[in-house]
Each structure stands twice: as structure tokens, then as C-alpha cells.
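The values are calculated or read from the model by the stated rules, or taken from the named source; none is laboratory data. As the structure is a computational prediction, the values presented were derived from the model and not from experiment. Methodologically, a virtual Cβ is constructed for each residue, glycine included, from the backbone with ideal geometry; neighbour enumeration extends over all protein chains shown. For accessibility, only protein heavy atoms count, side chains too; no ligands or nucleic acids. Shrake-Rupley method; radii C 1.70, N 1.55, O 1.52, S 1.80 Å.
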Amino acid sequence: MIMGRMRKLFLTVLLIPGLFLSSGVPVRAEEELSKEELSKEELYAVSACLLDGDSGRVLYGKDCDLPLAMASTTKIMTCIVALEQGDMGMVVTASKRASQQPKVHLGVQEGQQFILEDLMYSLMLESHNDAAVMVAEGVSGTVEDFVDLMNSKAEEIGCENTHFVTPNGLDESDENGDHHTTAADLARIMRYCLYQSEKSEQFLAITGTSSYSFWDIDKTQVYNCTNHNALLTMLDGVISGKTGFTSKAGYCYVGALEKDGKRLIVSLLACGWPNNRNYKWQDARKLLNYGLANYEYRNVLDYNWYANPVEVIDGQYNGILGESKSVVSLVSPVQDQKRELLLLLKEGEQPELSYELPEVLKAPVEKGDPVGKITYSLGNEILMEYPVYAAYDVNKIDYAWCLSQVTSRFLVKSR
């Protein structure tokens with residue numbers, strides 16, 4: 001287990017102060033929140049996304065479906081796949097391929113051995129490219145097999161335009177195209193890592209760690225890692241994140257914040273090139289503060305929903321009581337006043353309700369049969385769907401029912 005072995009683990013509250021002083025970015029808890037609309041021109045990033053971590057809804061996007069290189073933000077997928085598929089206690093041996101990876105790297109030598117758990121911190125805190133290759137080869141045997149797992153996971157998560165070629169984010173291509181993602185997909189991957197994976201707790205433990213030290217197996221050298229996600233101390237509530245840079249991708253970032261009951265995820269692609277490495281922090285703060293200021297949870301469930309009873313063809317009915325046809329009432333969980341549908345919405349936003357209900361049903365009908373649905377949506381995005389059920393049984397007309405009707409009517413007339 002991630003925290004099960006004795007390692008020299010520093011869970012310091014602050015990162016090295018000099019890191020921020022030298023960057024020229026002031027360390028502050030939060031900026032003044034504004035309820036004004038955030039224009040695309042205010043952001044440096046070519047592509048940006050603000051995602052609701054609970055629902056997965058895109059709250060704000062700037063060309064967020066544009067496919068772009070994502071550099072080392074790739075490593076959030078490498079991390080979660082390794083956590084889900086690998087044994088954190090296993091020994092990993094550095095291959096020649098791993099030892100030849102370019103900076104930023106741990107500087108491993110071919111044949112050098114490490115515990116996989118330690119390499120996860122090297123991967124996520126310092127963004128070491130050779131650690132990514134060692135993780136991939138340790139878990140799957142080859143980089144190519146591991147990348148297949150990354151692409152399968154992206155498809156499972158629901159990424160719409162993502163393709164992995166490397167586990168470290170270096171710019172490469174294969175027969176299926178360039179290594180790329182979109183800001184929306186990158187935010188979806190982070191949401192999965194933090195809130196949907198069975199290894200979310202371990203992912204958060206690694207990415208929220210300020211510093212970490214470890215040895216190789218032979219204890220020939222100690223390695224020190226410091227978290228480069230400066231937003232952890234720039235903005236109150238930030239819990240995780242990953243930076244990235246290549247000459248093609250520019251500066252990239254993906255991170256998450258939890259505050260005031262909200263879970264917000266921000267992703268930025270192509271957010272400046274040297275010497276503008278701090279653009280990503282400015283954009284991230286703007287987006288996250290925009291989300292905090294402009295979105296609130298509201299319960300939008302319509303408890304007063306009602307539908308007229310639906311005719312049931314060939315269904316039994318109580319003809320002697322004056323009924324001339326069979327009908328069944330409809331019910332839905334939306335009528336349960338103990339239930340809530342809490343959505344993160346801006347002022348003035350109101351979900352639209354649409355209904356798929358039958359005009360007629362055919363007997364037999366059983367109580368609890370799903371016969372339709374109620375959909376809550378905003379724009380083209382479906383937020384929630386609720387089933388509509390038959391409220392009771394309706395049996396099909398048969399010989400016994402016909403006989404009972406004749407007998408009952410004869411008895412009524414005989415009186």
C-alpha cells in the first residue's frame with residue numbers, strides 16, 4: 001500500500017518559499033472574487049476548461065474541445081493506471097530505454113532498481129521522464145502495452161478526443177496520430193483520478209504531498225522530490241494538480257480545488273511559452289475564483305410532477321363499475337420529497353425538463369415496469385435522468401376475466 005511502508009515522507013504545509021519568491025508570483029490565499037463574466041480574452045491559454053467535479057459538467061470553456069499536446073499533464077493518467085494495475089511494493093529495474101530519457105529526469109542508470117511506490121512520487125512531484133518509463137515497464141512489461149492501458153482508460157472515462165503515445169508526455173506520434181488531448185478531456189481525467197477511481201485516495205495522497213525522499217534498492221543514492229504544483233499554496237482549497245511543458249505544448253496545467261462545498265477542476269493547454277511560465281497560475285486562479293464566485297448549488301427537482309393515466313390496450317378493467325377501458329397511473333422517483341437534485345448553477349441558469357412518456361401501453365403491465373423517463377438538461381448536456389414506472393399491475397384480458405364480467409353483469413341485472 002502507498003502509505004504502508006516506512007519512507008522518508010515530508011508532509012510539510014508549505015513548499016520551499018524560495019520557489020515562489022524566485023518565480024515572481026505572489027503567494028496569497030485568494031484573489032478578489034468577481035461575479036462578472038470571464039471573457040476568453042482574459043485568459044492566456046489557447047484552450048481552457050472549468051469542470052464541476054461532482055457532475056462532470058463543463059462550467060466554462062475556451063476552445064476546450066481543441067486537440068492539443070499536453071506535455072507532462074499526461075502523467076495523471078500514467079499515475080492512476082499504475083495505481084489501479086500495479087503492485088506498489090514491486091521492485092522495478094531501469095531499462096536502457098528508461099536511462100536514456102531526456103530531462104527532466106531522475107537520472108537512473110540501466111540496471112538500477114527502485115520500489116514502484118517511490119517512483120510514483122518521482123513521477124508526480126518532479127515529473128521525471130525516466131520514472132514514467134520505469135513505471136510503465138514495471139506495470140505492463142513494455143511502454144507500448146502500458147500506453148494501450150492508458151488509451152483504454154481514456155475511452156472508459158468518456159474522453160472524446162484523446163490519444164496517448166507516451167507515458168511521460170513527450171511529443172511523439174504513432175500510426176493513430178499525435179500524442180494529444182483536449183482541455184475538457186484532461187479535466188475529465190483529473191475528475192476520474194480524484195473522485196471516481198477506486199485508487200482516488202492514493203492518487204490524492206501522492207499529488208498532495210509537498211516533498212518526498214527515497215533510496216534506490218541498493219541504497220547507493222538518495223533522491224529528493226519537491227512538488228512543483230505551486231497552486232497548492234497560492235489558493236486556499238487546492239488539493240491536487242500537475243504541471244507540464246514541452247516546446248510544442250507550451251505550459252500546461254490541470255488541478256482541483258475543494259471549497260464552500262464545491263469541487264472545481266481546471267485545465268489549461270498552451271498557456272504561454274518561455275518566458276511566461278507564470279501565465280498558468282494566473283489563468284488557473286481566474287478560472288477557479290470565477291467558479292467560486294458565480295456558481296452555487298440549487299435543488300432543482302420538481303416534486304409536483306404528474307402525468308395523466310395511460311391507456312393499456314387489452315388490459316383488464318372493472319367494467320361493472322362503469323369503466324370502459326383499462327388505464328394505469330405513472331409514478332417517478334422525482335415525486336419523493338426526501339430526494340434532491342443539487343446542481344452547481346450560475347444565477348439565471350435553469351435546467352430544462354423533457355419527458356418521454358407512452359401514449360398507450362399493451363397488457364400485461366407489471367407494477368414497477370419502466371415505461372418512460374424524465375430528463376433534466378442544460379443546453380445540449382444531459383444532467384440527470386429519472387425513470388417513470390407503472391404504479392400497479394394490469395393483467396391482460398383472458399377467458400376467465402371475460403367470464404367474470406359476464407357473470408357479474410348477469411347478477412347485477414337479476415337483482
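With protein chains left intact and a 1.4 Å probe, residues in the chain average 48 Å² of accessible area per residue. Extension gain for the segment GLU311 to ASN278, taken as residue separation times 0.36 nm less the Cα-Cα distance, is 5.4 nm to one decimal. Once the C-beta distance of GLU198 and ASP145 is scaled by a Förster radius of 30 Å, the resulting FRET efficiency is 0.90 to the nearest 0.05.
When the Gaussian network model of the chain links Cα atoms closer than 10 Å, the mean-square fluctuations of CYS64, CYS271, CYS402 top out at CYS402. Placing a pseudo-label 7 Å from each Cα along the Cα-to-Cβ vector at CYS402 and VAL46 gives an inter-label distance of 7.4 nm. Note on LYS367/LYS346: beta-carbon distance plugged into 1/(1 + (r/R0)^6) with R0 of 56 Å gives a FRET efficiency of 0.90. The fraction of all Cα pairs in the stretch 37-167 landing in successive 10 Å bins from 0 to the largest distance is 12, 38, 28, 16, 5, 0, given as whole percents.
Take every pair of alpha-carbon atoms less than 8 Å apart whose residues are at least six positions apart; their mean separation over the length of the chain yields a relative contact order of 17 percent. Here the contact order of the stretch 186-248, divided by its residue count and restricted to Cα pairs under 8 Å and six or more residues apart, works out to 24 percent.
Summing +1 for each Lys or Arg and -1 for each Asp or Glu, what net charge is found among the other residues whose Cβ lies under 14 Å from the Cβ of ASP145? Neighbourhood net charge equals -2. For the stretch 237-247, 3J(HN,Hα) computed residue by residue from phi via the Karplus equation (6.51, -1.76, 1.60; θ = phi - 60°) reads x, 5, 10, 6, x, 8, 8, x, 7, 9, 4 Hz, glycine and proline entered as x. Of the residues ARG339, ARG298, ARG277, the one that moves most in a GNM of the chain with alpha-carbon contacts below 10 Å is ARG339.
Heavy-atom surface analysis with a 1.4 Å probe gives the stretch 248-305 a carbon and sulfur content of 40 percent of its accessible area. Computing Rg and the Kirkwood Rh from the Cα coordinates of the stretch 111-261 gives a ratio, Rg/Rh, of 0.96. To the nearest Å, what is the center-to-center distance of the stretch 187-237 and the stretch 350-414, using C-alpha atoms only? A separation of 53 Å, based on Cα centres.
Looking at the chain as a GNM with Cα springs under 10 Å, which of TRP281, TRP273, TRP401 has the largest mean-square fluctuation? So, out of TRP281, TRP273, TRP401, the one fluctuating most is TRP401.
Loop-only check: which GluC sites (Glu not before Pro) in the stretch 178-284 are DSSP coil with at most 14 other Cβ within 10 angstrom?
Working: sites: GLU198, GLU201, GLU258; in loops: GLU198.
Of the GluC sites (Glu not before Pro), the ones in loops of the stretch 178-284 whose Cβ has at most 14 other Cβ atoms within 10 Å are GLU198.
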